[in-house]
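Each remark here refers to the structure printed beneath this line.
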Amino acid sequence: MHKLTDKQYEEYQRLCYARDHGRLLTPDGLRFICEACEYDPEKIGKHFLEVLPKILCEDK
């Protein structure tokens with residue numbers, strides 16, 4: 001059985017926190033965004049550019 005290093009465990013904890021707070025984009029989430037933007041690359045890009053500053057502000 002493999003043992004985790006402290007660094008690996010910390011990364012795991014960060015991923016769990018991100019998952020629990022809705023910060024991981026799953027394939028289903030990406031599909032939903034693409035469908036909502038009618039698969040238009042410009043609309044999808046605009047959506048991500050509008051959301052990104054909000055996400056970055058939350059991390060500070």
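Brief remarks on what is shown
- Qualifying positions in segment 1-29 - of a type in the set (A, V, I, L, M) and closer than 30 Å to Ile44 by Cβ: Leu15, Ala18, Leu24, Leu25
- If only residues of segment 3-46 that are of a type in the set (Lys, Arg) and part of a loop (DSSP other than H, G, I, E, B) are counted, the one that is surrounded by the fewest Cβ atoms within 10 Å (Cβ to Cβ) is Lys3.
- Of all residues in segment 47-56, at least one satisfies being of a type in the set (Val, Ile, Thr), out of contact with any His (no Cβ under 9 Å at 6 or more places or on another chain) and touching a residue at least 24 places away in the same chain (Cβ under 8 Å).
Only the coordinates and a few stated rules stand behind these numbers; no lab work does. This one's a predicted model, so the numbers in the text were calculated from it and none came from an experiment. As a convention, Cβ positions derive from the backbone with ideal geometry for all residues, glycine included, and neighbour counts pool all protein chains shown.
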